[in-house]
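Scroll down for the structure; my scribbles are underneath it.
Bear in mind that the values in this text are calculations on the coordinates, not laboratory data. A quick note: this is a predicted structure, and the numbers were derived from the prediction, not measured. All Cβ positions, glycine included, derive from the backbone under ideal geometry; neighbour counts span all protein chains shown.
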Amino acid sequence: MDYKKEIEQLVDLVVNENASDLHLSDGRHPIIRVAGSLIPLAKKSITTDVDMKGYLDVFLNDKNKILLEKDRDVDFSYSLVESRFRGNAYYRQGALSVALRLIPKKIKTLEELNLPPILESFTHKQQGFFLVVGPIGQGKSTTLAALIEMINQTRSEHIMTIEDPVEYLYESKKSSIDQREVRIDTPDFKDALISMFRQDIDVCLVGEMRDIETMATAVTAAETGHLVFSTLHTNNAAQTINRIIDSFPSGQQDQIRVQLASSMTGIFSQRLIPRISGGLIPAYELLINNNAVSNLIREKRIHEINTVIETSSGDGMIDMHRSLAELVRAGEITTESAYLNSTDPRILDRLI
């Protein structure tokens, strides 16, 4: 079989069906994810172990093949003329599998993504730490790409992205953009962040904060005149702040708490929800760091942050439950979908 040609046909299917993901596994039909649901491609033959090795010969270079055998999984990127994917190859019970996430070539605007215009204000900051959070597959990378591209188009800055792997590809416009890929251009996120201090960087996108060294360096960068954007797999603003602080040893937690209180600009949490008319639409929460929020972080009263968000819509903050309720009232999502994405149905009861 010509595996490169077969992959091109599968990619065409992903694009034509407006799918977000493609799954290839030994012993299964290829599977795509459309609007959040997995759909087996029953007309395609069941993938064999020989097929998987053929696909991996196309997807992986020699270095990544060695890493796959050593670590039993590896991240990679794969590009065709019109499409780009972020991928992960891994073993499951000794059999090979690949998960591919489609990365659109075009970086959409906040308006095209149905995201709130107030997010633009965070691209005007000269320094600080802004996080986009949520479970895997909820559009965090796409939102960050929209913000970075907005800076690229409007400000003369030196922008650095540190990713594993590189996802969206930027063309330098008003800004100069360098993109570094972990394992190819730098050993890890931490080393790349430390090097950033010697590279005259104004804006930095950290693809993911995976360890306390990366978190600590990112927060320090935000304190020392850099505008830093990053992601975490957390559910809301309060949980995000707790996750960062709790990641550190007890003797360092007071220090990181004070640093976060002063350097954080905001936290945006989002969920992609099936739209009644088809496709997905985001519901979201936005915490904006002000004096009240900073004081709550310093005073270890993070559990009160949800209340601040609920009562501060006049200051631009957005409550997730209010966002869900507005989507229901607008006929965009079902009431059932709203409750499935609510962390406290009692609050949603009052708003719908």
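In this structure, the amide hydrogen of Leu280, modeled 1.01 Å from its nitrogen in the peptide plane, lies closer than 5 angstrom to those of Arg275, counting only residues at least 5 positions away or on a different chain. Full extension of the chain between Arg301 and Phe197 gives 34.2 nm of extra length, using 0.36 nm per residue less the Cα-Cα distance.
Shown here: region 3-103, whose C-alpha atoms stretch 35, 28, 25 Å along the first, second and third principal axes, sorted largest to smallest.
Quick check on packing: order 245-253, 322-330, 55-63 by the mean number of other C-beta atoms within 10 Å, highest mean leading.
Values: 245-253: 12.3, 322-330: 18.7, 55-63: 15.4.
Output ranking for 245-253, 322-330, 55-63: 322-330, 55-63, 245-253.
Hey, what number do you get for the chain at 222 nm if only DSSP H runs of n ≥ 4 count, each worth -39500 (n - 2.57), divided across all residues, to the nearest 500?
Numbers: 13 runs with 131 residues, N = 352.
Calculated at 222 nm, the ellipticity per residue is -11000 deg cm²/dmol.
Between the entries (1) 32, 62, 6; (2) 28, 57, 15, 0; (3) 31, 60, 9, the label attached to P(r) over Cα pairs in 20 Å bins from 0, in percent calculated for this structure is (2). Quick check: net charge around Leu67, other residues with Cβ under 14 Å of its Cβ, Lys/Arg +1 and Asp/Glu -1? So the environment of Leu67 carries a net charge of -3.
If R0 is taken as 35 Å, the Cβ-Cβ distance between Ile118 and Glu8 corresponds to a FRET efficiency of 0.30.
Exceedance of the 24 Å cut-off in Cα-Cα distance is limited, within the set Lys65/Lys108; Lys125/Lys174; Lys70/Lys190; Lys108/Lys140; Lys5/Lys43; Lys4/Lys65, to Lys65/Lys108. Across region 117-318, C-alpha contacts under 8 Å between residues 6 or more apart give a mean separation that, scaled by the residue count, equals a relative contact order of 24 percent.
Annotation note: trypsin sites (Lys or Arg not before Pro) in region 213-310 located in DSSP loop regions with a Cβ neighbour count of at most 15 within 10 Å are Lys300, Arg301. Projecting label points 7 angstrom from Cα along Cα→Cβ for Ile46 and Ser79 puts them 3.8 nm apart.
By the rule of a C-alpha distance below 16 Å, with chain neighbours fewer than 8 residues away ignored, the lysines paired with Lys63 are Lys53. Potential lengthening of the chain between Asn290 and His233 amounts to 18.2 nm, from the contour at 0.36 nm per residue minus the alpha-carbon distance.
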